1. Among VAL359, VAL336, which is farther than 26 Å from ASP157 by Cβ, modelled with pLDDT of 90 or more and not assigned by TED's automatic domain parsing to the domain that holds GLY482?
2. Say whether the condition of being over 18 Å from VAL265 (Cβ atoms), β-branched (Val, Ile, Thr) and in a helix (DSSP H, G or I) is met by at least one residue in region 326-348.
3. From LEU217, LEU242, LEU296, which residue is modelled with pLDDT of 90 or more and over 30 Å from TRP348 (Cα atoms)?
4. Any residue that is surrounded by fewer than 19 Cβ atoms within 10 Å (Cβ to Cβ) and assigned to a helix (DSSP H, G or I) - is there at least one of those in region 53-61?
5. Among the numbered criteria (1) modelled with pLDDT under 95; (2) of a type in the set (Phe, Trp, Tyr); (3) in contact with a Gly (Cβ under 7 Å, 6 or more places away or on another chain), which single criterion is violated by TRP364?
6. Which numbered condition trips up TYR317, out of (1) surrounded by fewer than 19 Cβ atoms within 10 Å (Cβ to Cβ); (2) of a type in the set (Ser, Thr, Tyr); (3) modelled with pLDDT of 85 or more?
7. Going through region 173-194 one residue at a time, which ones are more than 14 Å from LEU143 (Cβ to Cβ) and surrounded by 24 or more Cβ atoms within 10 Å (Cβ to Cβ)?
Amino acid sequence: MRLPIVICIVLLIGFCSFLPYLDRYPEPYFDEAVYNNSAVRVHDGLSFAWPVATSAPYGNVVWAYHGPFFPRLQVLTMALLGVSQFACRVPEYAAAFAAVGLLCLLLYRRGLRWGALALAVFWLGDRSLVEALDGRMDGLALLCLVLAFGAFVRALDTQALWPVFWSGLWAATAVGFHPCTAPFAAMVAAVCLWRFPGRRLRVLCLLAAAAAIPALLVLASVAPHFHEALVQFLYHRRITRLGASGYTPSNLMSALRWSRYWCLVLVCVAGALAIPAAATLLKSGEDQDKPASGSLFLAASLFSLAAFVTFAATAVYTALYPYYFIYLSVWPVVAVIAALDQRAGRLWIRRAGLVCLAVLTVAWLPSALWNVMRWREAPLFARGSIEQAFDQQVLKVVPPGAEIKISSELFIVGHSLGPDALRAPHDKAVDLPSSAWLALVGTDVRHLGGVEAPGLRGRPIVYRGSLYPWIAKYSDSLIIFGPQPPPGRTSAESGRGS
């Protein structure tokens, strides 16, 4: 009975390490505005729809830029918790830990007790834990995938049909949170049809019914603007692909820092697991109506392969961002743990699993140290209030009642300025009103092309300081620009010093 307590303690240590700081750590992130500002607007009594760019089609009619489930879940979250950075982030953070906890429970109940502990320990050093701190939907999509995985394993074990339905339902629900998880749903459908050759019509009907439930919810979320929603979704796919064109694999490796080795090994192991998965599925003479041999290992290998396809597809279609590892990291670890339990006749898988476990452990150590550094860093951000510091900095230089536009990352920090203060996240600098004051974070200014970019060139810089004044070595800055000077006047003549 002691081992389950140890596993719970390990997960609680990880969960509580960042939970008290979610309201102030990490720094505000661009995506948080895109996926949470609709909930903020509803909380303030405004419409759910808002344009993420001036050029966005039907921006004030419907919100259909991405999977609809997370932004609408956040309406409930902010109704319960209020408008805060914590409310933006806690659903993903809690869901990611719940997903890992359920996988640990599954391993424990199947007799892989030390494997459950190993998964919990690996999670503490996983880069995905840090990526789950942002207010996005990836942790919730992972939770849905874990629920689909549990039902999928049961379907392989028992050959019963209802687990097929639940696996299909949860996999399709994950797509409603993030469309990039479609390969998981496709894999569940294909393997279930392959494994039930005598009952394929019933399996197909169950899968269709399972997919129809989240599909109807998606349609209901945009009704009656179905055409407008499709146009807007395709528009957003296009602009995000163009905006991410510079995010190459080398950029990703640089962003991952000490976690790069861990993530690289995960990708390699996930791709290599296609070999035993195919060998099991295509094994000659195997009766497909009988329970699969090593169903946990087969399911984990297939989910690893689906994650590999997801990762490759995002690399080709959009860009490689660190948060996509949330969909990848747990499955190779579960597959390697399951491989160590293989019996006689499949010892080659067990030996390969031992090698993979040793390589994963070595690659995991730098990533774990990186997470420890992030945990030590979090209290520094919590020593002051970014909202109070931002208000003081703005009030210091911007006249009362003046029109102001702020970086989309600051949608919570600058909430007191009103909904009209938020600049559209995908707008260019030239789209900003020339008469407005601009309060932009340094990363946003660089994204817009720097202070000499069209739309910023000529504006007086009236304030330049740290976004976190109480952190001495914090690198990003807050830059406040004045309005464009009238023709014939220079920025020096019209600006105000700080």
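The values are calculated or read from the model by the stated rules, or taken from the named source; none is laboratory data. Predicted, not measured: the structure shown is a model, and the values here were computed from it. Every residue, glycine as well, gets a Cβ built from its backbone with ideal geometry; the counts of neighbours run over all protein chains shown.
1. Testing whether each residue is farther than 26 Å from ASP157 by Cβ, modelled with pLDDT of 90 or more and not assigned by TED's automatic domain parsing to the domain that holds GLY482 leaves just VAL359.
2. We begin by selecting, within region 326-348, every residue over 18 Å from VAL265 (Cβ atoms); these are 341-348.
From what is left, the residues that are β-branched (Val, Ile, Thr) are none.
Scanning region 326-348, I find no residue that is over 18 Å from VAL265 (Cβ atoms), β-branched (Val, Ile, Thr) and in a helix (DSSP H, G or I), so the answer is no.
3. LEU217
4. Within region 53-61, not a single residue is surrounded by fewer than 19 Cβ atoms within 10 Å (Cβ to Cβ) and assigned to a helix (DSSP H, G or I).
5. Just one mismatch for TRP364, condition (1).
6. Result: TYR317 passes all but (3).
7. ALA185, VAL188, CYS192
Each row is one residue, and each column tells you yes or no for (1) farther than 22 Å from LEU19 by Cα; (2) modelled with pLDDT under 95.
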| site | (1), (2) |
| --- | --- |
| ASP126 | no, no |
| LEU161 | yes, yes |
| CYS180 | yes, yes |
| PRO183 | yes, no |
